[in-house]
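Please read the structure below before turning to the comments.
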Protein chains: 2
Amino acid sequence: MVRSGRVFKDAVYEQLARIGKAMASPRRLELLDLLAQGPRTVEALARETGMGVANTSQHLQELRAARLLTADKRGVYVTYRLAGDDVAAFYRTLRSLAESRLAEIEQVTREFLGERGVLEAVDRDDLVQRVRRGSVTVLDVRPAEEYAAGHIPGARSMPLRQLERRLGELPRGRAIVAYCRGPYCVLAVEAVRLLRRRGFRADRLEDGVPDWRARGYGVAVGAA
Amino acid sequence: MVRSGRVFKDAVYEQLARIGKAMASPRRLELLDLLAQGPRTVEALARETGMGVANTSQHLQELRAARLLTADKRGVYVTYRLAGDDVAAFYRTLRSLAESRLAEIEQVTREFLGERGVLEAVDRDDLVQRVRRGSVTVLDVRPAEEYAAGHIPGARSMPLRQLERRLGELPRGRAIVAYCRGPYCVLAVEAVRLLRRRGFRADRLEDGVPDWRARGYGVAVGAA
DNA sequence: GCTATATTCAAGTAATCACTTGATTACTGG
DNA sequence: CCAGTAATCAAGTGATTACTTGAATATAGC
């Protein structure tokens with residue numbers, strides 16, 4: 001009985017460690033982060049992360065073996081997606097644990113994004129409330145497909161690469177809030193920099209769509 | 001800007017992966033599980049897990065490097081403990097993700113614990129309510145130190161090793177509920193087996209103290 | 001100061017992991 | 001059926017990890 005208890009425990013912890021192992025690689029975490037925005041093909045993920053296609057495929061297969069992703073083949077493309085909402089929730093928990101435990105994250109973030117104002121000027125919950133009320137112009141600066149897969153209600157799709165030439169579409173007097181994939185995504189940071197340079201009043205919302213959803217707010221679907 | 005974005009992302013995901021790496025080993029997960037019951041010395045953890053002392057120490061240091069544990073030395077003993085409640089919460093999240101995603105866990109559990117009745121006979125929430133109301137005799141069958149570090153209010157400390165010779169202390173007519181460290185702990189399973197063999201009406205509560213606390217219920221502290 | 005004990009350190013070995021490269025498979029469109 | 005492309009597979013290499021063993025440190029009690 002005592003002996004077989006050992007066997008049982010070994011087997012269970014071995015299984016739990018499958019999830020841990022899947023989360024043990026920076027590359028795989030980046031893939032999960034991207035997939036939290038919506039389904040994607042191998043090729044798209046490889047392009048976005050800068051990894052080789054074979055390597056990307058291998059990482060995706062490991063995530064799939066841990067049941068964190070599902071894959072379906074349509075024609076010549078294989079589309080990977082998160083296996084469930086609980087996977088996104090778990091990733092968010094990991095992220096917030098890391099943020100609260102590892103001072104290094106705040107340090108690194110401050111180093112790269114932390115010019116005055118972009119990060120800390122605005123109270124986050126207050127910003128969220130303004131976004132909810134619709135008292136600001138909200139820009140989704142991610143690629144259009146991601147906007148289509150899910151966006152904050154009322155937000156306009158304005159991918160970063162188009163932003164500069166579409167500035168004319170933006171109302172002048174009104175404050176602007178830009179968001180992208182989440183706290184470690186640099187798109188919105190760049191957008192805010194550009195907007196401020198051109199005289200707009202702009203702030204960055206750190207939340208991505210998964211974070212927004214986790215706050216309990218609704219998400220809109222469909223192209224612009 | 002784009003280039004430095006890559007550097008930033010690499011740095012951030014590298015940090016997140018520190019948590020994942022810490023969780024990637026079955027041994028370390030078992031250590032976390034034990035430490036969720038309360039602080040412990042290296043020696044005690046080594047004894048409980050059957051690992052060598054040096055190996056245990058090394059795993060503990062890795063967990064500490066990921067800031068999941070803190071250590072304090074008192075005399076010749078080093079006591080490790082979870083770095084915060086969020087660590088226990090995260091471990092619980094990992095566990096529940098694994099349970100919902102990996103069918104293997106249920107399978108293994110069924111194989112080892114799943115004789116009729118021990119696991120599935122009782123509705124879990126119903127059992128919890130009976131424990132809360134005090135309408136059953138609740139036994140904490142873990143070692144006495146763990147009981148002292150925190151137990152379900154109203155539970156009696158009755159370590160598994162003493163159970164057989166202390167059966168006389170138990171009321172005959174009343175239903176008994178035994179609990180231990182959590183769903184993968186075999187102490188309560190053994191206790192229930194013994195009790196039933198001796199004619200008691202006994203059930204196992206799968207929750208451990210951390211799970212009980214996570215339900216939002218209070219925890220009592222101190223020896224019997 | 002000496003001894004015993006808890007813990008950590010250092011070094012070595014086997015196993016596993018990450019990434020690359022080149023080949024292979026599987027499907028689409030002509 | 002053929003060419004082109006997305007994805008996977010297979011094999012190889014260097015890096016990292018897990019565990020063991022034996023030595024080193026540090027503290028308590030004598």
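The values are calculated or read from the model by the stated rules, or taken from the named source; none is laboratory data. If you're wondering where the values come from, they're calculated on a predicted model, not measured in any experiment. Don't worry about glycine lacking a Cβ; one is built from the backbone with ideal geometry, like all the others, and counts go over all protein chains shown.
Odds and ends about this structure:
- Subset tally (residues that are surrounded by fewer than 22 Cβ atoms within 10 Å (Cβ to Cβ) and more than 7 Å from every other protein chain (Cβ to nearest Cβ)) for the stretch B:11-25: 0
- Lone qualifier among A:Gly5, A:Gly38 - being within 16 Å of the chain's Cα centre (by Cα) and either at pLDDT below 95 or more than 18 Å from B:Tyr13 (Cβ to Cβ) (or both): A:Gly38
- Single residue of the stretch A:26-56 satisfying the filter (assigned to a helix (DSSP H, G or I), surrounded by 17 or more Cβ atoms within 10 Å (Cβ to Cβ) and more than 13 Å from chain B (Cβ to nearest Cβ)) that is farthest from DNA strand D (Cβ to nearest atom): A:Leu35
- Scanning the stretch B:1-10 for residues that are facing chain A (nearest Cβ under 8 Å), part of a helix (DSSP H, G or I) and surrounded by fewer than 17 Cβ atoms within 10 Å (Cβ to Cβ) gives B:Ser4, B:Arg6, B:Val7, B:Asp10.
- Conditions (1) buried (at least 18 other Cβ atoms within 10 Å of the Cβ); (2) on the phi > 0 side of the Ramachandran plot; number of the one not met by A:Gly216: (1)
- Across the stretch A:189-224, the number of residues qualifying as in contact with a Leu (Cβ under 7 Å, 6 or more places away or on another chain) and under 30 Å from B:Gln15 (Cβ atoms) comes to 7.
- Near pairs, Cβ below 7 angstrom, 6+ apart or cross-chain, from the stretch B:60-85 (within 11 Å of chain A (Cβ to nearest Cβ) and closer than 21 Å to A:Ala24 by Cα) to any residue that is among the β-branched types (Val, Ile, Thr) and within 13 Å of DNA strand D (Cβ to nearest atom): B:Ala66/B:Ile19
- Failed item, numbered, when A:Arg172 is tested on (1) surrounded by 18 or more Cβ atoms within 10 Å (Cβ to Cβ); (2) more than 12 Å from the chain's Cα centre (by Cα): (1)
- Members of the stretch B:93-111 that are among the aliphatic types (A, V, I, L, M), touching a helix residue (DSSP H, G or I) at 6+ places or on another chain (Cβ under 8 Å) and free of Cβ contacts under 8 Å to residues at least 60 places away in the same chain: B:Leu97, B:Ala98, B:Leu102, B:Ile105, B:Val108
Residues are listed down the side, and each one gets a yes or a no for (1) surrounded by 16 or more Cβ atoms within 10 Å (Cβ to Cβ); (2) away from DNA strand C (no atom under 16 Å from the Cβ); (3) among the small types (Gly, Ala, Ser):
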residue: B:Leu68; (1), (2), (3): yes, no, no
residue: B:Tyr77; (1), (2), (3): no, no, no
residue: B:Ala83; (1), (2), (3): yes, no, yes
residue: B:Val87; (1), (2), (3): yes, yes, no
residue: B:Phe90; (1), (2), (3): yes, yes, no
residue: B:Leu94; (1), (2), (3): yes, yes, no
residue: B:Ala103; (1), (2), (3): no, yes, yes
residue: B:Thr109; (1), (2), (3): yes, yes, no
residue: B:Phe112; (1), (2), (3): yes, yes, no
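- Candidates B:Leu127, B:Leu194, B:Leu170, B:Leu163, filtered to the one that is closer than 22 Å to B:Arg95 by Cα and among the hydrophobic types (A, V, I, L, M, F, W, C): B:Leu127
- Being closer than 29 Å to B:Val221 by Cα, touching an Asp or Glu at 6+ places or on another chain (Cβ under 8 Å) and more than 9 Å from DNA strand D (Cβ to nearest atom) is true of B:Tyr91.
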